[in-house]
Amino acid sequence: MISDRKDDHVRLAVEHHQSGGRNEFDDVTFIHHALAGIDRADVSLNTRFADIDWGVPLYINAMTGGSDRTGDINRDLAIAARETGVPLASGSMSPFLKDVSTANTFSVLRDQNPDGFVIANVNATTTVAQAQRAVDLLRADALQIHLNTVQETVMPEGDRSFAAWGPRIEEIVAGVDVPVFVKEVGFGLSRETVRRLSKFGVSVADVGGRGGTNFARIENSRRAGGDYAFADGWGQSTPACLLDASDVGLPLFASGGVRHPLDVVRGLTLGASAVGVAGTFLKTVLDGGPNALITQITTWLDQIESIMTMLGARTPADLSHCEVRIRGDLREFCTDRGIDVYRFARPFLPVP
Ligand code: FNR
């Protein structure tokens, strides 16, 4: 049953969640300039790209819907999004497209958050008409299409046919009446993939890299034999993807393994237009309900502004002038892919 799978994903994502674990965001460190600071009053989180007003450079990424329990989670996520003003994505709406009786477990995202930025979510086998139905149900401001070949491969009941995904994305972009974002679910988008997405006309590529929620591990633990353990480290990390695709010219979102406000600032500095969080916020909302998530997001936004003040960045876009060092495995990845790490040794913004 699809609704059982949705409940499994929530349970296993939280069971496997490691709040303090290391990931490749730790390979990105800022050069500290003791005189770079500006006045907090001059910092704004206002975020705009691809003709979209996004509000703040953060969002709650796609997670769930399709069962009673996940409908309740969506209600709580929507309340937190409404109270904090962060955009919010639905989980995959395949359950609704297969069984209309699950509609309310998704439409609650809009009912609780009538004026917020809400994103519908479908897979890359969805027809244009189905994609538009998903958008219409949520009166969505944008549509995400998720790419998840690794997850489908390890999932016992997963798809095994992927060749038609590219042409289908192109059809959906041409056929729906909202901007289309394409995302990975934690294995990353390569530079080559982002280039193809750009040719298809998508508005944003959400790199959805390795380092946080791991769907190879989650699906493997749903297999009787657990025989796909070797797939555990598959894919590129989120900072690696941002560096890899930075020259393509398509707006990028950073998601996958974002643990705290410093990771958000790191993602923006490496060129992301906004940063998405799934697993970390899911754990908070399950432990403490919508109020705990409201407190967490409010604190994060406050701390993002504090870090920008210290770094001398008036806007999220200004962060792209801040100087970082790239170390460890991430530096080795850059060497292998011909990425010039010295590009990120930039002069800090002079105080006027
Ligand atoms: C997800 N994710 C996801 N993504 C998607 O596009 N459609 C979906 O239905 C789901 N479902 C889902 C369920 C649960 C319980 C989690 C935790 C996540 C993937 C999510 O949007 C994100 O890409 C990854 O989780 C990586 O980000 P984090 O969790 O490391 O912040």
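Using beta carbons and a limit of 6 Å, which pairs, at least six apart or on different chains, have the first residue in the range 32-53 and among the aromatic types (Phe, Trp, Tyr) and the second one open to solvent by less than 40 Å² (accessible area, probe 1.4 Å)?
That search, which allows pairs on different chains as well, returns 49/251; 49/273.
To keep it simple, each residue is scored yes or no on (1) crowded, with 23+ Cβ neighbours inside 10 Å; (2) aliphatic (A, V, I, L, M).
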residue	(1), (2)
191	no, no
212	yes, no
219	yes, no
224	no, yes
242	yes, yes
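If residue 289 satisfies every condition in (1) under 17 Å from the mean Cα position of the chain (by Cα); (2) open to solvent by 10 Å² or more (accessible area, probe 1.4 Å); (3) not hydrophobic (A, V, I, L, M, F, W, C) but one, which is the exception?
(1)
Considering every residue within the range 149-165, establish whether at least one is within 14 Å of the ligand (Cβ to nearest atom), without any contact (Cβ under 8 Å) to a residue 24 or more places away in the chain and charged (D, E, K, R).
For the range 149-165, residues within 14 Å of the ligand (Cβ to nearest atom), without any contact (Cβ under 8 Å) to a residue 24 or more places away in the chain and charged (D, E, K, R): present.
What's the number of the condition residue 80 fails, among (1) under 19 Å from residue 281 (Cα atoms); (2) open to solvent by 30 Å² or more (accessible area, probe 1.4 Å); (3) part of a helix (DSSP H, G or I)?
(2)
For the range 299-317, state whether one or more residues are in a helix (DSSP H, G or I), in contact with a His (Cβ under 8 Å, 6 or more places away or on another chain), open to solvent by 40 Å² or more (accessible area, probe 1.4 Å) and of a type outside the set (S, T, N, Q).
Scanning the range 299-317 turns up no residue that is in a helix (DSSP H, G or I), in contact with a His (Cβ under 8 Å, 6 or more places away or on another chain), open to solvent by 40 Å² or more (accessible area, probe 1.4 Å) and of a type outside the set (S, T, N, Q).
Given the criteria within 14 Å of the ligand (Cβ to nearest atom), farther than 17 Å from residue 186 by Cα, open to solvent by 20 Å² or more (accessible area, probe 1.4 Å) and not in a loop (DSSP other than H, G, I, E, B), does residue 7 qualify?
Taking the combined requirement at face value, the residue satisfies it.
Can you find, within the range 10-51, the residue that is farthest from residue 65 (Cα to Cα) among those that are of a type in the set (Lys, Arg) and more than 10 Å from the ligand (Cβ to nearest atom)?
Among them, the one singled out is 40.
Considering only the range 236-257, state which residues are closer than 20 Å to residue 318 by Cβ and within 12 Å of the ligand (Cβ to nearest atom).
Across the range 236-257, the qualifying residues are 253, 254.
The values are calculated or read from the model by the stated rules, or taken from the named source; none is laboratory data. Since we're looking at a predicted model, the values are computed, not measured. Every residue, glycine among them, receives a Cβ derived from its backbone with ideal geometry; neighbour counts consider all protein chains shown. Note: accessible area is taken over every heavy atom of the protein model, side chains too, but ligands, DNA and RNA are not part of it. Shrake-Rupley method; radii C 1.70, N 1.55, O 1.52, S 1.80 Å.
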